[in-house]
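The values are calculated or read from the model by the stated rules, or taken from the named source; none is laboratory data. As the structure is a prediction and not an experimental result, all values here were calculated from the model. No Cβ is skipped: glycine too gets one built from the backbone with ideal geometry, and neighbour counts run over all protein chains shown.
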Amino acid sequence: MGACSMIRVLALAAFVSLLLTGCGGETTPRTGPVRRDPNHLVVYCSCALLPLVEAARDEFLSENPTKSLAVDSDEPSALKQRVHDGEVPDILVCLGETEIGDLERQGHLDRGSRRSVGMFVPVIVVPQGNPAEVGSLDDLLLDRVKSIAVAAPGMTSMGTDAKHELERAGLWSELQDRLSVKETSLGVLRAVSAGEADAGILYDPCPRLSVGEDIPLESVSPVTPLAAAAERSARIYAEVHKRSPNALLAQRFLRILLEQNTGVLAGEPPESEPTDEVEEF
């Protein structure tokens, strides 16, 4: 085969690959109807938000006794990947901008349906007994603090927010050799709980909501908010999937989410209308 022919073959293969995968290696969002019982809603939520969503579910079913609702909770990054791969929840409830913003830009979620339903605060957490005696942001610079667990910036909302707060405090560069980057916030929680890290950065009250049988409640404690946490709390967003077969029913559930007061959220009252004031990281 001549050089020109080989070039044409390679170019065609590249073009076909691009059609199959989409620009930047992302799959093109699927189109077409999703077949599902018109009386059944499917809600995906971050694992730490399960109490919030379950409380809204109970109220929804009380108001709509002929309907049913399934809640599927997982790590935010796992939920993002599942939706990216083609799963279609009616609603996604997620903490922070990174995951839900990525799905919007990929064309999976209806940006106009986005609602802010609460806020969490970024905090420093420590293992039981606080062996390194971390009590403030500046304490992270002390020699006795050898390892600080953070979620992956750019891949997770928690990691992105942690990086930004440490940068604002002028500590990101100084702490580089102590940072232990985990794929997920749950990885941070496990590392701190096991004493593998002297401190970690998570959203509060995530440590109290995400603990399970393998992570005792008393094994992780929040000690102090990050520098500007009061002003930069992370919003909890709820958004309808563009291909939801039950979008009108989903809007009923969103209304209840907005009205629910579960006692586990921090920050301002939730918004009732979508906002364009979303920070892009």
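Any idea which of V43, V16, V71 is more than 30 Å from L202 (Cα to Cα) and either assigned to a helix (DSSP H, G or I) or modelled with pLDDT of 95 or more (or both)?
Working: V43 fails: more than 30 Å from L202 (Cα to Cα); V71 fails: more than 30 Å from L202 (Cα to Cα).
Testing whether each residue is more than 30 Å from L202 (Cα to Cα) and either assigned to a helix (DSSP H, G or I) or modelled with pLDDT of 95 or more (or both) leaves just V16.
Can you confirm whether G135 is without any contact (Cβ under 8 Å) to a residue 40 or more places away in the chain and surrounded by fewer than 20 Cβ atoms within 10 Å (Cβ to Cβ)? First the steps, then the outcome.
Details: without any contact (Cβ under 8 Å) to a residue 40 or more places away in the chain: no; surrounded by fewer than 20 Cβ atoms within 10 Å (Cβ to Cβ): yes.
No; evaluated as a whole, the condition is false for this residue.
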Residues of the range 192-218 that turn out to be modelled with pLDDT of 90 or more, over 16 Å from L140 (Cα atoms) and buried (at least 16 other Cβ atoms within 10 Å of the Cβ), as a count: 1
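May I ask you to list the residues in the range 139-168 that are assigned to a loop (DSSP other than H, G, I, E, B) and within 14 Å of the chain's Cα centre (by Cα)?
Across the range 139-168, the qualifying residues are A152, G154, M155.
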Residue count for the range 87-100, restricted to those that are surrounded by fewer than 23 Cβ atoms within 10 Å (Cβ to Cβ) and closer than 24 Å to D204 by Cβ: 1
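Quick grid of which residues meet (1) at pLDDT below 95; (2) under 29 Å from V43 (Cα atoms); (3) in contact with a Leu (Cβ under 7 Å, 6 or more places away or on another chain); (4) in the same structural domain as L95 (by TED's automatic domain parsing):
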{"residue": "L142", "(1), (2), (3), (4)": "no, no, no, no"}
{"residue": "T160", "(1), (2), (3), (4)": "yes, yes, no, no"}
{"residue": "L166", "(1), (2), (3), (4)": "yes, no, yes, no"}
{"residue": "L186", "(1), (2), (3), (4)": "yes, yes, no, no"}
{"residue": "S221", "(1), (2), (3), (4)": "yes, no, no, no"}
Matching residues, the range 138-182, being more than 20 Å from E196 (Cα to Cα), of a type in the set (A, V, I, L, M) and surrounded by fewer than 17 Cβ atoms within 10 Å (Cβ to Cβ): A169
